[in-house]
1. What's the total number of residues in the range 17-42 that are farther than 18 Å from Lys3 by Cβ and of a type in the set (D, E, K, R)?
2. Mind checking which residues of the range 16-41 are in a helix (DSSP H, G or I) and within 8 Å of the chain's Cα centre (by Cα)?
3. On the given criteria, is Lys54 open to solvent by 40 Å² or more (accessible area, probe 1.4 Å) and modelled with pLDDT under 95?
4. Return the residues of the range 5-29 that are open to solvent by 20 Å² or more (accessible area, probe 1.4 Å) and not hydrophobic (A, V, I, L, M, F, W, C); say none if nothing qualifies.
5. Is it the case, given these coordinates, that Ser11 is at pLDDT below 95 and outside any helix (DSSP H, G or I)?
6. Residue under question is Ser2, and the condition is that it be out of contact with any strand residue (DSSP E or B) (no Cβ under 6 Å at 6 or more places or on another chain), at pLDDT below 95 and either in a helix (DSSP H, G or I) or loosely packed, with under 12 Cβ neighbours inside 10 Å (or both); does it hold?
Amino acid sequence: MSKKILIVGGSSGLGRQLAVLYAGEGCEVGVMGRRENLLTDLRELYPDNIFIKKGDISDETISHSLA
């Protein structure tokens, strides 16, 4: 069983680096961010381990769908 990690704000910066680190260690990583093109680029690095969702956590409709 692999570890599962959720990162919000993961399309760039520290969030992106953490996603790459954990995916490289074999974890399943869910990444949420506002910039779809950057999320898509991130998923291409580890397509079997990184799962993306475009959205903004301050948007109530998105944050409720994560619960």
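The values are calculated or read from the model by the stated rules, or taken from the named source; none is laboratory data. Predicted model, so just to flag it, every value in this text is computed and none were measured. Ideal geometry is used to build each Cβ from the backbone, glycine not excepted, and the neighbour counts take in all protein chains shown. Surface accessibility is based on the protein's heavy atoms, side chains included, excluding ligands, DNA and RNA. Shrake-Rupley method; radii C 1.70, N 1.55, O 1.52, S 1.80 Å.
1. Qualifying residue count for the region: 4.
2. So in the range 16-41, the residues in a helix (DSSP H, G or I) come out as 16-24, 36-41.
Result: Arg16, Ala19, Leu39.
3. On the way: open to solvent by 40 Å² or more (accessible area, probe 1.4 Å): yes; modelled with pLDDT under 95: yes.
The answer is yes for Lys54.
4. Keep residues of the range 5-29 that are open to solvent by 20 Å² or more (accessible area, probe 1.4 Å), which gives 5-6, 8-9, 12-14, 16-18, 20-22, 24-26, 28.
Listed by number, the residues that qualify are Gly9, Ser12, Gly13, Arg16, Gln17, Tyr22, Gly24, Glu25, Gly26, Glu28.
5. Numbers: at pLDDT below 95: yes; outside any helix (DSSP H, G or I): yes.
Here the answer is yes, as Ser11 does meet what is asked.
6. Numbers: out of contact with any strand residue (DSSP E or B) (no Cβ under 6 Å at 6 or more places or on another chain): no; at pLDDT below 95: yes; either in a helix (DSSP H, G or I) or loosely packed, with under 12 Cβ neighbours inside 10 Å (or both): yes.
So Ser2 does not fit the description; no.
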